[in-house]
Every structure is written in C-alpha cells, then in structure tokens.
1. Within the stretch 147-167, can you find the residues that are over 17 Å from A180 (Cβ atoms) and either touching a Ser or Thr at 6+ places or on another chain (Cβ under 9 Å) or not acidic (D, E) (or both)?
2. For the stretch 23-37, indicate whether the set of residues that are open to solvent by 60 Å² or more (accessible area, probe 1.4 Å), over 19 Å from D115 (Cα atoms) and not aromatic (F, W, Y) is non-empty.
3. Any residue in the stretch 145-169 that is over 16 Å from R127 (Cβ atoms) sitting within a Cβ distance under 6 Å of a residue that is among the small types (G, A, S) and surrounded by 14 or more Cβ atoms within 10 Å (Cβ to Cβ)? List the pairs, counting only those 6 or more apart or interchain.
4. Pull out all pairs, ordered by first then second residue, where Cβ-Cβ is under 7 Å, the residues are six or more apart or on different chains, the first lies in the stretch 51-75 and is farther than 17 Å from H124 by Cβ, and the second is charged (D, E, K, R).
5. Within the stretch 42-62, which residues are hydroxyl-bearing (S, T, Y), outside any helix (DSSP H, G or I) and farther than 18 Å from V12 by Cα?
6. Of all residues in the stretch 96-114, how many are charged (D, E, K, R) and touching a residue at least 60 places away in the same chain (Cβ under 8 Å)?
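The values are calculated or read from the model by the stated rules, or taken from the named source; none is laboratory data. Keep in mind the model is a prediction, meaning the values are calculated, not measured. Here the Cβ positions follow ideal geometry from the backbone for every residue, glycine too, while neighbour counts run over all protein chains shown. Areas reflect the complete protein model, heavy atoms only, side chains present, ligands, DNA and RNA absent. Shrake-Rupley method; radii C 1.70, N 1.55, O 1.52, S 1.80 Å.
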Amino acid sequence: MKSSGADHRTRVTKMLIRKALMELLSKKPIQSISIKELCETAAINRGTFYKHYTDIYDLLHQIEEEMLADFKSALEPLLSSDAGRLTPVAITTEVFRCLKDNADLCTVTLSDYGDKAFALKLIHLGREKCVQAYSHYFSSATPKQIEFFYAFVSAGCIGLLQKWLAEGMATDAGEVAEMAENIIMKGIGCLTTGSGC
C-alpha cells in the first residue's frame, strides 16, 4: 500500500510539473524558463524537481518521449498482418486519440515556442508507418505518389489538429478522423454532395 501511495504522489507531482512547464512554454521559449520559476508555478520545491529531472531540457525530453511512445502505439496496428484491410479513418482515429491525450504538448509544440524538431520527429514517424499502410490501401499507386499523398495529408491533418485544439478538442477523435478521411478521399466533394465532411 505504501508504494502505491508513493506512486500516486509521484504521478501527481509529475503532472503538476508538466502542467507548469506547458503553461510557461505557452508564453516564452524554454531557454528563458528557470527551475525556480517552474517550481514556483508548480508549487513544489527544487528538491522535488531534481528528484525526477536533471534540468528543464530533461523534463521536456521525458514528456516528449512519453508522447512518442504513445504515438508509436497508436500507429502499431499499421504494421499488423491486417494492415491491408485498414482504411485511412482507422489509421487516423488512434492518432487523433493520442494527440488528444497529449493536448497540452500539442498546443505548445504548434505554438511559437514549441519544439519544432519534435513536431518533425512525429511527422517523420507517421510518414514511415502511414506510407507503408497507404501502399497496401492504394496498391496501384507508385511510391512517389504515396509520398506526395502523405505530404498533403499530413499538412492537412496539422491544420485539422490546430482547429481541433482551438475548439478545445470538443469533437470526438473518431469524428475528426472521419472528417479527415472524407476530406482526403472526396476533397471538396464532401461539401457539395450534401453528405458533409
């Protein structure tokens, strides 16, 4: 029981530290954030911070690595033997769920002070997995066409993500993924046929 209580305290502490970092990153670049300011924002002492992290960069790195692991898990079905039967909406629903679970980091990453290298890492990882899955789904397309298709789709999905974040992610992840699929597969037709996006 004791260790369970300690685990809970650690989770709560890390959540407070993460929340404080995201709040500060929404206002200024990481190099302008001090440990003192972060600890004051999180209402913890410096010793508590150093118990879990070596510095601010280590904190951000750990948060990003956790999201990267979640993102990889969301993309895992693309590598399964059933991947050929996946539709684009199945591919993107789990990704949007992962993004919603990490909404604070997504908001900061897409902001002026976000870690652009991390955003590129996510896009690159998505490209690797999605290009493979799209190659099964669009079997008559050339590798070059698939690459261009992914470039178009990923840029559009970033726009959808920004819109979704701006509305407070009130729309269900599956519904956003379905809108993305309709826009991707039908283009402007999804607006003109009456069926909607």
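1. Scanning the stretch 147-167 gives a single hit, F148.
2. Yes, the stretch 23-37 contains a residue that is open to solvent by 60 Å² or more (accessible area, probe 1.4 Å), over 19 Å from D115 (Cα atoms) and not aromatic (F, W, Y).
3. The qualifying pairs are L160/A180; M169/A103.
4. Within 7 Å, the pairs are H52/K14; L60/D115; I63/R18.
5. Scanning the stretch 42-62 gives a single hit, T54.
6. Qualifying residue count, the stretch 96-114: 3.
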